[in-house]
1. Out of the DSSP beta bridges found with both residues in region 47-158, what percent are antiparallel (nearest 5)?
2. For region 47-158, what are the per-bin percents of Cα-Cα distances with bins 5 Å wide, up to the bin holding the maximum?
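Rule-based calculations on the coordinates, nothing more; no lab input. Note that the coordinates shown come from a computational prediction; the quantities given were computed from them, not determined experimentally.
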């Protein structure tokens with residue numbers, strides 16, 4: 001007994017398509033879930049940066065808002081111009097972050113504060129720091145770098161508060 005051809009000669013194609021759909025459905029359902037095997041929550045700042053955060057908070061009081069570990073792309077927009085390599089420019093803002101971004105009450109960035117440790121001593125790191133500082137200067141954001149823990153009064157003075 002032969003079954004009627006309800007798919008107009010495309011029975012094989014329909015059967016294969018259904019098999020693929022079932023396979024995809026089960027694969028999506030069997031995706032691995034997030035687990036502690038693959039991910040771990042860590043502190044936002046290193047111990048040294050945490051110590052500096054509290055000193056910075058003491059220094060700026062309520063005059064400025066402190067935002068730690070901010071990606072440049074959160075506060076720098078890449079403009080489209082004929083002389084701009086947009087891919088490189090987007091990469092710079094997407095793949096760089098600062099230790100602390102200080103903003104005024106309207107959350108406009110006014111200063112970037114970096115806590116430089118020994119990893120900033122080699123030529124490559126210093127060059128990268130200079131490029132980042134130049135970018136901040138271009139967008140009107142001051143850069144303040146500290147190698148050692150300054151007093152709160154020194155921070156206030158450096159920020160002109």
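1. Of the beta bridges lying entirely in region 47-158, close to 65 percent run antiparallel.
2. Here the calculated profile for region 47-158 is 2, 11, 21, 24, 19, 13, 6, 3, 1, 0.
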